[in-house]
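A quick write-up on the structure given underneath.
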Amino acid sequence: MRQDKQLIRAPRGTEDILPEQIALHRFIEDAARRIMELYGYREIRTPVFEDSGLYARTTGETTDIVEKEMFSINAGQEGSFVLRPEGTPGVVRAYVEQEVYKVRKFEKFYYIYPIFRYERPQAGRMRQFDQIGAEAIGSYDPLVDAETILLAAAIFDAIGLGDYRIRLNSFGCEKCRPAYRDALRRAVAGREDGLCANCRRRLDRNIFRLLDCREERCKEITKALPSIREYLDDDCRVHFAKVRELLDANGVAYQLEDRLVRGLDYYTKTVYEFAHESLGARDAICGGGRYDGLVEQLGGPPTGGVGFAIGVVPTLLALKITGRDKPEAAVQKGPTLFLAALRAEDRDYCFSLLRQLRAAGVAADADFEGRSLKAQMRAANRANARYVIVVGPDERASKKFKLKEMATGKEEVLTEGALLSSLER
Ligand code: HAM
């Protein structure tokens, strides 16, 4: 039988994260978890795939995500599913389906998990990427909007990416939007031919999508359009003023961005993005906002909600570009102890000693390739082991070992018992 030896590659827009790179990922995730929990957010895990109708109903049928970026799953007769293209709808679905609101009306969730979008892969943009998300569901209070912004800021500060810029806007609500929609229509009237085909097509169904189109010719037209903030009703205006007041009082700098509407349909009132200059045109490392209609839209009671998602890929890229991708806390520790076998006959003994050391909680390793003593010492060095012992017939007979500290060359003789009880855990 002919064997097909052609390499099978990872799908376009996905990546393998090898052990050397994991330390930096863990550094970011650990900081995010620690700070989320400091702020009272609790972890939630929802399915990787969901009913495709979920996103049509929430993210929006006329958004890029739903129109062209979802990966669908063939599930035969059982329905139509997609890999989650964002985290918010799944969390809100769970909140409604599990009737979380009956137990605690206000619940703060966080998640760190993969998201899938069929986008053109480019620097900082993948087809599978992790998001670190926060969703505070059950309150209309502007304090929560401000808290989510402080929370995202605290995470970026903790990982050494404190030089972000925050873009802030209010997208109003169902009540103030019709007047704004009319104003946009009037402003665009007669200039439709200058828009890209996508925007022309969406003009009637969802004119707001025009505001976040990335095509130059559309941007040229949208530059001159009125700002939603001129059309906010009293409730939205007061809410936005309060969010700004809270940010000002807590030393959070931001820029007001008239046309920030964030590309997803569910936003109401506050919307924001964190951007990092090093990333060029697609500079968003985090996006978020309020979504007061979402719980009700999915069959729950009227409920306020607000949240954000940090993109781990662009965040990592910004750290790399600015040379901040090797923080001390992200250095992977090697084993505490490496056992080098003097002769082949000593390997089984080493193997048993390894088991005991590990059972005692000591990170220990040994040679698994039958290499020479010299090669084993090189391996211990490469593995960044803190100590090494060489195990030969003398050591086995006396149960005494010469413990050598790799960095200093310092040596100390220890009994087997001392080895098991005194090494750093
Ligand atoms: P989003 O703006 O679509 O919002 O995504 C949030 C962040 O995910 C972006 O700012 C970006 O950093 C990252 N991101 C987006 N697409 C990609 C990609 N293809 N590759 C790598 N990173 C990417 C949401 O997803 C909302 N669910 C956020 C939210 C939560 N709003 C309220 N709660």
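Every number in this text was worked out from the coordinates using simple rules, so none of it is lab data. Note that the coordinates shown come from a computational prediction; the quantities given were computed from them, not determined experimentally. Every residue, glycine as well, gets a Cβ built from its backbone with ideal geometry; the counts of neighbours run over all protein chains shown.
Annotations
- Neighbour net charge for GLU345 - beta-carbon separation under 14 angstrom, K R +1, D E -1: -2
- The packing ranking, built from the mean of other Cβ atoms within 10 Å per residue, places the peptides 146-156, 299-309, 183-193 in the order 146-156, 299-309, 183-193, highest first.
- Residue-span extension gain [ARG214 to LEU373] - 0.36 nm each, minus C-alpha spacing: 51.2 nm
- Above 36 Å, the calculated P(r) of the chain contains 42 percent of its Cα-Cα pairs.
- In segment 106-148, inverting the average of 1/r over every pair of distinct C-alpha atoms gives 12.4 Å as the Kirkwood radius.
- C-alpha long axis of helix 347-359 to longest principal axis of the chain, angle in °: 50 degrees
- Spatial separation of Cα centroids for segment 389-425 and segment 218-274, in angstrom: 64 Å
- Taking every DSSP bridge with both residues inside segment 1-114, close to 75 percent are antiparallel.
- Candidate lysines for bridging to LYS242, where Cα separation is under 18 Å - those fewer than 8 sequence places away on the same chain excluded: LYS269
- Under the combined filter of DSSP loop state and at most 16 neighbouring Cβ atoms within 10 Å, segment 1-81 retains these GluC sites (Glu not before Pro): GLU15, GLU61.
- Amide N of segment 306-342 lying under 20 Å from the label point, which is placed 7 angstrom from the Cα of ASP30 along Cα→Cβ: 312-313, 315-317, 319-320, 324-337
- Debye intensity ratio in log₁₀ form over the Cα atoms of segment 1-120, taken at each q of 0.20 Å⁻¹: -1.22
- Contour minus Cα-Cα distance for VAL48 and GLU245 (0.36 nm per residue): 67.1 nm
- The mean sequence separation of alpha-carbon pairs under 8 Å and at least six residues apart, normalised by the residue count of the chain, gives a relative contact order of 15 percent.
- A simple packing score, the average count of other Cβ atoms within 10 Å per residue, orders the peptides 330-339, 218-227 as 330-339, 218-227, with the highest score first.
- For the chain, CYS173, CYS176, CYS196, CYS199, CYS236, CYS286, CYS350 have no disulfide-compatible partner, since no other Cys C-beta lies under 4.7 Å from theirs.
- Subset of LYS374/LYS404; LYS326/LYS410; LYS374/LYS400; LYS219/LYS320 violating a 24 Å alpha-carbon distance limit: LYS326/LYS410; LYS219/LYS320
- For segment 296-425: rounded, prolate or oblate by the Cα gyration tensor [a/c cutoff 1.5]: prolate
- Nonlocal amide H pairs with SER139, under 5 Å, H built at 1.01 Å: GLY304, GLY305
- Using the Cβ-Cβ distance between LYS402 and ALA75 with R0 = 60 Å, the FRET efficiency computed as 1/(1 + (r/R0)^6) comes to roughly 0.45.
- 3J(HN,Hα) along segment 272-278: 8, 9, 9, 10, 10, 4, 4 Hz, from the Karplus curve 6.51 cos²θ - 1.76 cosθ + 1.60 with θ = phi - 60°, whole Hz, x for Gly and Pro.
- Under the Debye formula (equal points on every Cα, no solvent term), log10 I(q)/I(0) of segment 105-205 at q = 0.14, 0.16, 0.17, 0.23 Å⁻¹: -0.97, -1.11, -1.14, -1.17
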